[in-house]
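The values are calculated or read from the model by the stated rules, or taken from the named source; none is laboratory data. All of these numbers come straight from a predicted model, not from anything done at the bench. Cβ coordinates were reconstructed from backbone atoms using ideal geometry, including for glycine residues, and neighbour counts include every protein chain displayed.
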Amino acid sequence: MYSTSPPQINHLLSALPAEECSRILPHIELVEFPLGHTVCESGSEMRHVFFPTNSIVSLLNVMEDGSSAEIAIVGNEGIVGISNFMGGGTTPSRAIVQRAGNAYRLKIQLLKDEFNRSPKFRDLLLRYTQTLLTQMAQTAVCNRHHSVDQQLCRWLLLSLDRLTGNEIVMTQELIANMLGVRREGVTEAAGKLQKAGLIEYSRGRITVIDRPGLEARACECYAVVKKELDRLLPATDTMQ
């Protein structure tokens with residue numbers, strides 16, 4: 001059993017104005033997200049959307065041969081299932097739990113009703129969607145133009161932003177699958193970061209011990225994504 005996190009840990013739920021909050025919160029349900037759990041498959045219709053609290057979900061594009069690469073991650077800043085209020089109906093990506101924890105789910109129809117009823121709720125979700133699209137676009141650029149070292153730094157920083165501590169539980173093989181690179185490349189990159197005193201890696205646990213140094217070593221892609229998130233989703237006390 002994972003430690004239970006209140007709904008307000010999720011930034012979108014925390015940012016709900018009082019009226020919208022009174023209509024939505026009574027209908028959300030707490031669910032457990034074990035590591036590796038498939039939240040939804042590509043092309044499937046979802047019955048719920050999910051608001052992660054202390055869990056992290058990877059969105060993956062899957063090829064015909066079964067290979068995949070991460071296009072974005074969703075944690076306590078967002079929602080899994082944007083296609084359900086964007087008009088798509090089915091999701092184009094596979095969603096896999098990258099970090100075990102909890103999430104709150106809401107039935108699709110209730111989400112759609114509130115999206116159509118409340119301009120404030122609609123604006124909040126659309127601004128979040130823009131941040132997610134920015135992350136997807138920047139990930140594509142990063143995977144094409146930057147080294148595995150830089151990609152790993154970006155991935156670690158994005159993950160840390162969605163956690164309360166400085167430790168990430170993830171094997172090198174899983175990281176390689178997320179980044180769409182060979183495991184040997186991740187092993188070499190992690191070794192360089194550890195030698196530089198930025199991280200400690202042991203038995204599937206990565207501890208970041210020098211975050212400023214990690215940010216300095218990362219490419220500009222992390223900063224672009226972080227800046228857009230901060231611009232579009234300001235502190236929750238300004239959104240009431």
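Need the failing condition index for N61 against (1) over 13 Å from the mean Cα position of the chain (by Cα); (2) more than 29 Å from R117 (Cβ to Cβ); (3) part of a strand (DSSP E or B); (4) touching a residue at least 60 places away in the same chain (Cβ under 8 Å), just the number.
With (1) over 13 Å from the mean Cα position of the chain (by Cα); (2) more than 29 Å from R117 (Cβ to Cβ); (3) part of a strand (DSSP E or B); (4) touching a residue at least 60 places away in the same chain (Cβ under 8 Å) applied to N61, the lone miss is (4).
How about region 144-189: which of its residues are small (G, A, S) and crowded, with 16+ Cβ neighbours inside 10 Å?
Passing the criteria: S159, A176, G180, G185, A189.
So F115 clears everything in (1) within 24 Å of R47 (Cβ to Cβ); (2) touching a Gly at 6+ places or on another chain (Cβ under 6 Å) except one condition, right? Which one?
(2)
Suppose we filter region 7-33 for residues that are loosely packed, with under 14 Cβ neighbours inside 10 Å and either in contact with a helix residue (DSSP H, G or I) (Cβ under 8 Å, 6 or more places away or on another chain) or under 14 Å from G75 (Cα atoms) (or both); how many remain?
2
Here are some residues: C219, C142. Which one is touching a His at 6+ places or on another chain (Cβ under 6 Å) and either touching a residue at least 60 places away in the same chain (Cβ under 8 Å) or closer than 23 Å to L13 by Cβ (or both)?
One residue alone meets the criteria, C219.
Which of the residues spanning region 156-202 are among the basic types (K, R) and either at pLDDT 90 or above or closer than 15 Å to A218 by Cβ (or both)?
Once the filter is applied, which keeps residues that are among the basic types (K, R) and either at pLDDT 90 or above or closer than 15 Å to A218 by Cβ (or both), region 156-202 yields R162, K192, K195.
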